[in-house]
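Working notes, structure below.
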Amino acid sequence: MVEKSHTTGFWPSLYDPFRNMGTRVADWIAPASEAASDGDAYRISVELPGVEEGDIDLQAHDGVLTLKGEKKTEREEKGETWYFSERQYGAFSRSFRLPPDADEANVSAELKDGVLHVSVPKTAPEVPEAKKVKISKS
C-alpha cells in the first residue's frame with residue numbers, strides 16, 4: 001500500500017501521532033474474533049460475552065459479512081462505591097470480506113456460551129465440461 005507522506009523538509013508533520021488512530025481505536029473496541037477454513041466452509045467465531053441474541057444483527061451482502069450489535073449495561077448504583085470497572089458496553093461492528101467461493105445465501109450462526117459461531121458454506125467449484133470439437137475436412 002502506498003501512503004502519502006505529510007512530512008515536508010526538516011520538520012515532521014503535526015499529524016504523525018494521530019495518523020491511523022481511528023483504526024486503532026476501532027480495533028480495540030471491536031470484539032475479538034478468529035476465522036478458519038475447512039473443506040466445506042469458512043468458520044468465524046466472535047467473542048460476545050454478555051450480548052443477547054436479540055441484540056445481534058448478522059448480514060451477508062455483496063461479498064461482505066457484517067456483524068453489528070450492542071452490549072447493554074444494566075448497572076444499578078444504590079449505595080455502592082465503584083472503585084473501577086473494566087467491563088465494556090456499547091455498540092460494536094465487525095466486517096469480514098468473504099472469498100469468491102463463499103455461499104452467502106446459506107450462512108448459519110449459533111450463539112453459545114458468549115461466542116457467536118458463524119459458518120459460511122463454500123460453493124462447489126464449477127468444473128468445465130469437455131466440449132467436443134468438430135473437425136472439418138479440407
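Remark: LYS131 matches the filter, which requires a residue to be assigned to a loop (DSSP other than H, G, I, E, B) and more than 20 Å from ASP38 (Cβ to Cβ).
Of the residues making up the range 100-121, those that are touching a strand residue (DSSP E or B) at 6+ places or on another chain (Cβ under 6 Å), more than 27 Å from LYS71 (Cα to Cα) and of a type outside the set (Asp, Glu) number 2. The set of residues in the range 48-67 that are in contact (Cβ under 8 Å) with a residue 40 or more places away in the chain and exposed (fewer than 13 other Cβ atoms within 10 Å of the Cβ) comprises PRO49, GLU53, HIS61, GLY63.
Each value in this text was obtained by applying a stated rule to the coordinates, not by laboratory testing. All values reported here derive from a predicted model rather than from experimental measurement. Positions of Cβ are backbone-derived with ideal geometry, glycine not excepted, and every protein chain shown enters the neighbour counts.
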